[in-house]
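Comments concern the structure below.
The values are calculated or read from the model by the stated rules, or taken from the named source; none is laboratory data. Predicted model only: the values in this text are computed from it and were never measured. Every residue, glycine among them, receives a Cβ derived from its backbone with ideal geometry; neighbour counts consider all protein chains shown.
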Amino acid sequence: MRRVFLIFVFLIQSLNQSESFTSEFELRREKILKFYVDSVQLGKDKVDFFILTAKIKFSKEVKILLPYLDSLIQNPGIGDMFFAYQLIGLYLHCKENLPFEYRDKIKNVFKTRTIYRGDTENHWLMYYVAWYLISQEWENEIWSNLKTSSENFREASEYINYWVDGTTSFGQMEFDSPTYIITFVPPLCLLYDFAQDTLMKKMAQMMLEYILFDYAVEYLKGCYCGAHSRDYPELAVNPIQAQSQAIGYLYFGETEFDPRSMRKNAVIFCALSKFKLPDVIRYIATDRQFPYEHKERKRVRNVIRYGRERNPAVYKYTYMTRNYCVGSLQGGILQPIQQHSWDITFSNGLTIFSVHPYFSEIELGMFFPEEVKILPELVDRAHKVYRSPDKWTSSSPYERIFQYRGSLIVLYGLFEMVEGEKYRHVNIFIPRGVDRFEIDTVGWVIGKVENGYFGIRVLGGVYELKLEETCYRFRVYGDKICLIIEVGDSDEFGDFDRFREGLKSSEVDFDFDIFEVRYKGIRGFEMRFGYFGSRYVDGVEYKLNWGLFDGRFARSDLKSKVIEINYKGKKRVLNFNKLTIEETQAIQ
Amino acid sequence: MRGFKFLFLLFCILLNYSTALSERKIYAVVLISGKMIVGADNSLSGLFISSDDGNFWIHKGWGNIKATSIAIEPNSKGEVLYLTAGNGVLKSTDRGETWRIMTDWRVTEVLRVVIHPENKNEIFIATPYGVFKSVDSGWSWEEKNDGIKPEETGTTSSTFVSSIVIDRGNPSRILIGTEDGIYESLNRGERWKALALKGIGIRVLVQSPHNSDVLFAGTESDGIFKSSDGGKSWKKVNDGLTSLTIYTIAFDPKNDKVIYSAGFKTGICVSNDGGETWKCSEKGLDGFNSIHSIAVHPDKPNFIVIGTIDGGVFISADGGKTWRHSGLKGAIVWTVHIE
């Protein structure tokens, strides 16, 4: 009871936003914190730095928690960059409750334990946020890397500024990841809460809004929809379980808090934070009254060899309705190992997508500096399924995707595969949970998920259907495979039969020789798509040339470092050149 | 009697001291040990040093860093060390007891470090993002990529640099082995131009200690190339190789005809005719036939150390006829070095 009271006091102290959303938001914060403070049992449940942070912050009996802290410091069981930012986060949130000897102990950890920086965008952000806050907290010290506080502080500041500059100019590299958003938002919350420099604090706030908007616009009732840079196979087939769900729950709602995955615990730093999401972004995450298309431009992670340029552009396209979302990127190798190129996500969390289970030394060599001959083996030691013919996440150099609204064409040019490359097949994932599922006489695989409908037409290949525990797996064999995907819902087509009849009357002309398809679908427009680059809608060339954000809810031009977020006439402009936020007009 | 004991003790200490000084240390740079997940808590990697011919290894410094190579400042007797790793360049001035990161966020995933033989303060590093140079012993670094930038060459492979050779015959001339062939600089790295093997992934580039005109390049999939005119012309010398992916080439310090090479699933390959032909063998390597580094003892050429992929370190005391496992089981040893 006392704990609940303390949480309540803490939350009340933090209230400073508009009443309407704030109260709902505060309830969700309270629910998260209450779960970790009260329901996670020491000695029985596994604890980590996040859980200890919540418990120490709200405990009157810190003493009993300290052995757990000792144990975690001694054997954290996580990578260095995770360890560093989590420990300094615990320290800063709980400093007042920690005995002096523990404050010294934590400081001493950073003076003696060396910290590996890692090799991804999220690793580096965590690493440099950690050093920024460590060196800010304890000035005039020499740390485990034998650099002084001022040296580490300057380096961390420079990197964070560099990261923000690159992200807002050219797009994020580790973009839209349902897993790794949990490694961007919590460290930025720490930076927002504890950076003493007002500009750094402001920048953290703006980046939080930037990343959460990026999520909001592809959010559907707890799921991060569409294409992702990085996803894990078990989450690609079950997106509601992803770490992003916890972030979505806290900031957007419309889903239930489900703490089953330990990796969601990082949301504790968000729940403890004073950062509040502006109403306009939450509206965008939850208002699905009218369908919309949304485009984004991102960057490929650093291509260190076998590429023409360091960070080629990634073009994302998303079509959102209240019953489903379908999103994609243009295809090709845009991320190693974990790319999720397209999907349909229905409002109940079921998802459909296809994958060419490609793997190669070249793909890994593009992004990792180790010897290419050993890279597949090294990656499989960590990811286990990298060389599996059945894997559910993968990039492929032989994949090309063209989406327009709810219609999607995917081409797989497996005839281009070179000697030594395996798996001339494509896997299609259709979940067992679909309400209806049939294959019609024309060849459409048609189904229904609540009020959402889908149709998949396979051209240029032969397929086998395998019934698995969680899905219908279509394995399509061929040299030139074409998938046509149509998605609709009851709002647009009325009942399912009408959608089904519409599919039957669609026109498809597949030219196998030149590997080009012309498709006039159920919405009346005609798409023409060739493997070697042609993209047309109703005879007009469709160019991939949009900016960082382009859609009803936001616009941001390449290199502008300005994003204009819109919702019903209300504008929120994040200007990273000036580090200003301007909000104009009320929501009508 | 007490005086005798004291003198005997002093004698023993001096003997031990002088023996230690005459001995050479073996350095093993471990990329990873066993399973490695970058964002996870991993087993010990980094620098291991043996002072007793590889019987016992002591870990020095950072524990989880994806280390790749080492350079020891000349005449420092092993006191000043440069170690390259994922975090950048680390430097120790106390034989590896403590280390400072000398680079910042601009430098990452360093693959090789070389100290200029004419100037110990001039350090070059090879990275997947090009060449960086320091002229103040590592305290500051400057990117030196003019001529190899992707926008100049049309490929990111030209900045993937895995080897640096400072020409003994002309110390202003530097050669680099890249994923896009060999590039040359005639002004200590200020500007690069393509020299040879354009488009070929160079894994290792070395210069013969016997003749500075003789160079060898080990490649990703084309075996070994040899140049006898300082890099102007190159010929393939693959006769006898069992695999064409070559990571390491080392010279017998006393006999210019004897050269060792190894790579992916090659075992250890020996040439007795100056690198024209090779004989490869996996015998005694317990199946660890992928080798990333070879070091030959400067004084005792029959003493050879190899760093394997996943098998730790193996040592031969008879010129490669027989091998014994020396330790670091399960490790990917990126570089071995005898100083």
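I'd like the residue in the range A:291-312 that is out of contact with any helix residue (DSSP H, G or I) (no Cβ under 8 Å at 6 or more places or on another chain) and surrounded by fewer than 21 Cβ atoms within 10 Å (Cβ to Cβ) and, out of all such residues, is nearest to the other protein chains (Cβ to nearest Cβ).
Looking at the filtered set, the residue picked out is A:Pro312.
Can you find a residue in the range A:77-90 that is surrounded by fewer than 16 Cβ atoms within 10 Å (Cβ to Cβ) and farther than 23 Å from A:Cys270 by Cβ?
No, the range A:77-90 contains no residue that is surrounded by fewer than 16 Cβ atoms within 10 Å (Cβ to Cβ) and farther than 23 Å from A:Cys270 by Cβ.
Condition check ((1) within 14 Å of chain A (Cβ to nearest Cβ); (2) in a loop (DSSP other than H, G, I, E, B); (3) crowded, with 20+ Cβ neighbours inside 10 Å; (4) in contact (Cβ under 8 Å) with a residue 60 or more places away in the chain) across all residues:
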position: B:Ile182; (1), (2), (3), (4): no, no, yes, no
position: B:Ile200; (1), (2), (3), (4): yes, yes, yes, no
position: B:Asn211; (1), (2), (3), (4): no, yes, no, no
position: B:Ala217; (1), (2), (3), (4): no, no, yes, no
position: B:Phe225; (1), (2), (3), (4): no, no, yes, no
position: B:Gly231; (1), (2), (3), (4): no, yes, yes, no
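Anything in the range B:294-335 that is of a type in the set (S, T, N, Q), part of a strand (DSSP E or B) and free of Cβ contacts under 8 Å to residues at least 60 places away in the same chain? List them, or say none.
At the first step, the residues of the range B:294-335 found to be of a type in the set (S, T, N, Q) are B:302, B:308, B:316, B:322, B:326, B:335.
Of the ones still in play, those that are also part of a strand (DSSP E or B) are B:308, B:316, B:326, B:335.
If the condition is that a residue be of a type in the set (S, T, N, Q), part of a strand (DSSP E or B) and free of Cβ contacts under 8 Å to residues at least 60 places away in the same chain, then B:Thr308, B:Ser316 are the ones that fit.
When you go through (1) within 14 Å of chain B (Cβ to nearest Cβ); (2) β-branched (Val, Ile, Thr); (3) in a helix (DSSP H, G or I) one by one for A:Ile78, which number turns out not to apply?
(3)
Here is a yes/no grid of residues against (1) charged (D, E, K, R); (2) within 14 Å of B:Asn87 (Cα to Cα); (3) within 14 Å of chain B (Cβ to nearest Cβ):
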site	(1), (2), (3)
A:Lys107	yes, no, no
A:Thr112	no, no, yes
A:Asp119	yes, yes, yes
A:Trp124	no, yes, yes
A:Glu137	yes, no, no
A:Ile142	no, no, yes
A:Thr148	no, no, yes
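Name the strands (runs of 3 or more DSSP E) wholly inside the range A:445-556 in which the number of residues that are free of Cβ contacts under 8 Å to residues at least 12 places away in the same chain and surrounded by fewer than 19 Cβ atoms within 10 Å (Cβ to Cβ) is 2 or more.
A:462-467, A:507-511
So that you can scan it fast, the table gives a plain yes or no per residue for (1) surrounded by fewer than 18 Cβ atoms within 10 Å (Cβ to Cβ); (2) in contact with a Leu (Cβ under 9 Å, 6 or more places away or on another chain); (3) closer than 14 Å to B:Gly88 by Cβ; (4) within 10 Å of another protein chain (Cβ to nearest Cβ):
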{"site": "B:Asp104", "(1), (2), (3), (4)": "no, no, yes, yes"}
{"site": "B:Leu111", "(1), (2), (3), (4)": "no, no, yes, yes"}
{"site": "B:Val114", "(1), (2), (3), (4)": "no, no, no, no"}
{"site": "B:Pro117", "(1), (2), (3), (4)": "yes, no, no, no"}
{"site": "B:Glu122", "(1), (2), (3), (4)": "no, no, no, no"}
{"site": "B:Ser134", "(1), (2), (3), (4)": "no, no, yes, no"}
{"site": "B:Ser140", "(1), (2), (3), (4)": "yes, no, yes, no"}
{"site": "B:Asn145", "(1), (2), (3), (4)": "no, no, no, no"}
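From A:Ile485, A:Ile514, A:Ile522, grab the single residue that is within 28 Å of the chain's Cα centre (by Cα) and not basic (Lys, Arg).
Checking each option against the conditions leaves just A:Ile485.
Would you point out which residue out of A:Asn108, A:Asn122 is assigned by TED's automatic domain parsing to the domain that holds A:Trp163 and surrounded by fewer than 19 Cβ atoms within 10 Å (Cβ to Cβ)? Outline the logic, then answer.
Working: A:Asn122 fails: surrounded by fewer than 19 Cβ atoms within 10 Å (Cβ to Cβ).
Result of the check over A:Asn108, A:Asn122: A:Asn108.
Would it be correct to say that A:Gly365 is at positive phi and either surrounded by fewer than 22 Cβ atoms within 10 Å (Cβ to Cβ) or at pLDDT 95 or above (or both)?
No, not satisfied.
What's the total number of residues in the range B:38-73 that are within 17 Å of B:Val336 (Cα to Cα) and loosely packed, with under 15 Cβ neighbours inside 10 Å?
Here the count works out to 4.
Does the range B:87-102 hold any residues that are more than 10 Å from chain A (Cβ to nearest Cβ) and hydrophobic (A, V, I, L, M, F, W, C), and which are they?
Passing the criteria: only B:Val89.
Of the residues that sit in the range A:402-440 and are part of a loop (DSSP other than H, G, I, E, B) and small (Gly, Ala, Ser), which one is farthest from A:Tyr531 (Cα to Cα)?
Among those that are part of a loop (DSSP other than H, G, I, E, B) and small (Gly, Ala, Ser), it is A:Gly433.
Kindly list the number of the only condition in (1) over 16 Å from B:Gly274 (Cβ atoms); (2) in contact (Cβ under 8 Å) with a residue 40 or more places away in the chain that fails for B:Val206.
(1)
Yes or no: A:Thr167 at pLDDT 95 or above and surrounded by fewer than 20 Cβ atoms within 10 Å (Cβ to Cβ)?
Taking the combined requirement at face value, the residue does not satisfy it.
Anything in the range A:251-273 that is without any contact (Cβ under 8 Å) to a residue 60 or more places away in the chain and among the hydroxyl-bearing types (Ser, Thr, Tyr)? List them, or say none. Can you show your working first?
Our first condition is that a residue be without any contact (Cβ under 8 Å) to a residue 60 or more places away in the chain; within the range A:251-273, this holds for A:252, A:254-256, A:258, A:260-261.
The answer is A:Thr255, A:Ser261.
Since B:Asp239 meets every condition but one in (1) away from chain A (no Cβ under 14 Å); (2) touching a Phe, Trp or Tyr at 6+ places or on another chain (Cβ under 9 Å); (3) closer than 18 Å to B:Leu175 by Cα, which condition does it not meet?
Answer for B:Asp239: the failing condition is (3).
So B:Arg191 fits all but one of (1) under 28 Å from A:Pro312 (Cα atoms); (2) part of a loop (DSSP other than H, G, I, E, B); (3) within 21 Å of the chain's Cα centre (by Cα); what number is the exception?
(3)
Evaluate the range A:350-358: report whether one residue or more is over 30 Å from A:Gly494 (Cβ atoms), of a type outside the set (Phe, Trp, Tyr), within 14 Å of chain B (Cβ to nearest Cβ) and in a loop (DSSP other than H, G, I, E, B).
no
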